[in-house]
Amino acid sequence: MEQTSLFGEVRSARNQVAVAFVPDFAGWQAAARAQWQAGTPPEAIWWQPDRQAMAGGETDGSAPRVPRAFVSLARTAACHRSADRWALLYQLLWRLTHGERHLLELSGDPQVARVNAYAKAVRRDIHKMKAFVRFRAVAEPDAPDDAPRYVAWFEPEHFIVEKASGFFRRRFANMRWSILTPYRCAHYEGASAGGVWFSPGTDKSAAPEGDVLEDAWRTYYRSIFNPARVKISAMRSEMPVKYWKNMPEAHLIPQLLREADRRVEVMQEQVKDRDVMRCGPRPISPEAEHAHALARSPANTLDRLALQARTCCNCPLGEKATQTVFGEGPRTARVMIVGEQPGDSEDLAGRPFVGPAGQLLDRALAQAGIDRAALYLTNAVKHFKFEPRGKRRLHARPDDAEVFACKPWLDNEIELVEPTLIVAMGATAGRVLLGRPVQVTRERGMIVSHGDRRILLTVHPSYLLRLPDAQVAKRATAQFSRDLAQARAWL
């Protein structure tokens, strides 16, 4: 006798070991383990599926160590109808345990590609079975009238009945059902009667042709069929024609397709010029609400400036941030505090200096004897720049283009508030206000003149929060409060 190998070679059975096994994954697994322990290479085995075969011979208890992914892949591929699947699985098992531990990661390997294709075909067939099995009620002589058996006929392409049966057991746990196929039948007697059991295959004559509920099902299907969204090629791809003969609603599809164009025309004719809202008047859109608020706001005011900044697109930061975080405080404030950019808390709240750095600023202002309500607080950049880290958003320093894209908003705030002193917290705020790089550690606490502006440089509160040494942080925070205390004379 001769057998064709995986690579198309014809080998004589005289040089091979005939291995009879039950043709399912468990049967192959036992036989493969025995041959692997015996050191039998793949080319020396002639796999002979036999439902009457005995279990694999005695083994020494050891088992091949393979990746978990291979076991799952092999269990699925074993359901494929190709006759070479058993030899293919053993070949992969042998390679995985003889120096090719990462074989499954080589998707371009011919054998790996083939087994993946087998598994994909099996999974698709299981999906079709779950979607297109249609049960019909059958009365049984010994069963009560309120507990009929539901029987379905299906023609799978592969040997998937056992593998797919768990889905139907979970989905129809309170029913008594049978799924008949040409090669294997699955039966279930209800949750109280145990699990699914199997019997040999049968032909379609054993399945019922219809039941009393099918007319109702066809009526429902006709009512939900949307002719305006029909895509025939996509429908036939997802619901191949070969399954239609076992689906009661499929008999309606050709007629519904023929009527689709006419039904779409009727639907278009029935569209009203103006739909009547049954849940009250249509709410105003955020864009329209913003436009109305902008039209009502007086010119040359902070409120109008904040509304205009809400739709700023001078740089890409606004695309990812939750919202624009504009400044807040009285128009007549004598002191303005400028930081770098809003943080995560400010981005969510829409207000400046409400997060951890803002809380530290509040404590420092209190120690300096300054009322926050008397100040105007804002940032050089109006949107939060961040890098996602899982569920967290970590602060990222804005670049020069992003800083100076926001400069017109800051200049307008300064022009409207007209503060006598501006406190620049951090290097970014100092650079945008002075127009030059600043060294905060050297220039902090100094009041610098820039044109007609007076600018006090100091550190940003977030810098203090990042100091690792508690004593250093305590001294730096005290110095920060002393820097702020200089602003009291300007209030």
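Is it the case that some residue within the stretch 296-318 is more than 24 Å from Asp344 (Cα to Cα) and either touching a Gly at 6+ places or on another chain (Cβ under 6 Å) or of a type in the set (Gly, Ala, Ser) (or both)? Can you show your working first?
Restricting attention to the stretch 296-318, the residues satisfying the condition of being more than 24 Å from Asp344 (Cα to Cα) are 296-301, 304.
In the following step, the residues that additionally are either touching a Gly at 6+ places or on another chain (Cβ under 6 Å) or of a type in the set (Gly, Ala, Ser) (or both) were identified as 297, 299.
Yes; the residues of the stretch 296-318 include at least one that is more than 24 Å from Asp344 (Cα to Cα) and either touching a Gly at 6+ places or on another chain (Cβ under 6 Å) or of a type in the set (Gly, Ala, Ser) (or both).
The rows are residues; the columns are (1) crowded, with 16+ Cβ neighbours inside 10 Å; (2) assigned to a helix (DSSP H, G or I); (3) among the hydroxyl-bearing types (Ser, Thr, Tyr).
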residue: Arg51; (1), (2), (3): no, no, no
residue: Ser62; (1), (2), (3): no, no, yes
residue: Ala74; (1), (2), (3): yes, yes, no
residue: Arg101; (1), (2), (3): no, no, no
residue: Val115; (1), (2), (3): yes, yes, no
Pro298 passes all but one of the listed conditions (1) within 35 Å of the chain's Cα centre (by Cα); (2) part of a loop (DSSP other than H, G, I, E, B); the exception is number (1)
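Please give the helices (runs of 4 or more DSSP H) falling wholly within the stretch 316-372 in which 1 or more residues are under 30 Å from the mean Cα position of the chain (by Cα) and within 22 Å of Phe480 (Cβ to Cβ).
On the way: elements: 317-320, 344-349, 356-367.
Per the criteria, 344-349.
This table checks each residue for (1) closer than 30 Å to Thr332 by Cβ; (2) in contact with a Lys or Arg (Cβ under 8 Å, 6 or more places away or on another chain); (3) surrounded by 10 or more Cβ atoms within 10 Å (Cβ to Cβ); (4) at pLDDT 80 or above.
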| position | (1), (2), (3), (4) |
| --- | --- |
| Lys242 | no, no, yes, no |
| Met247 | no, yes, yes, no |
| His251 | no, yes, yes, no |
| Leu257 | no, no, yes, yes |
| Gln268 | no, no, no, no |
| Arg278 | no, no, no, no |
| Pro286 | no, no, no, yes |
| Ala306 | yes, no, yes, yes |
Test for Pro156: is it buried (at least 16 other Cβ atoms within 10 Å of the Cβ), touching a helix residue (DSSP H, G or I) at 6+ places or on another chain (Cβ under 9 Å) and part of a loop (DSSP other than H, G, I, E, B): yes
Pairing a residue in the stretch 278-307 that is under 26 Å from Lys407 (Cα atoms) and touching a residue at least 40 places away in the same chain (Cβ under 8 Å) with any residue that is among the acidic types (Asp, Glu) and open to solvent by less than 80 Å² (accessible area, probe 1.4 Å), where Cβ atoms lie under 8 Å and the two sit 6 or more apart in sequence or on different chains, gives Leu302/Glu413; Leu305/Glu413
Name the residues in the stretch 373-400 that are closer than 20 Å to Leu433 by Cβ, outside any loop (DSSP other than H, G, I, E, B) and open to solvent by 40 Å² or more (accessible area, probe 1.4 Å), would you? Asp400
Residues of the stretch 433-477 that turn out to be surrounded by fewer than 17 Cβ atoms within 10 Å (Cβ to Cβ) and in contact (Cβ under 8 Å) with a residue 60 or more places away in the chain, as a count: 1
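The values are calculated or read from the model by the stated rules, or taken from the named source; none is laboratory data. This one's a predicted model, so the numbers in the text were calculated from it and none came from an experiment. As a convention, Cβ positions derive from the backbone with ideal geometry for all residues, glycine included, and neighbour counts pool all protein chains shown. Side chains included, ligands, DNA and RNA excluded: accessible areas come from the protein's heavy atoms. Shrake-Rupley method; radii C 1.70, N 1.55, O 1.52, S 1.80 Å.
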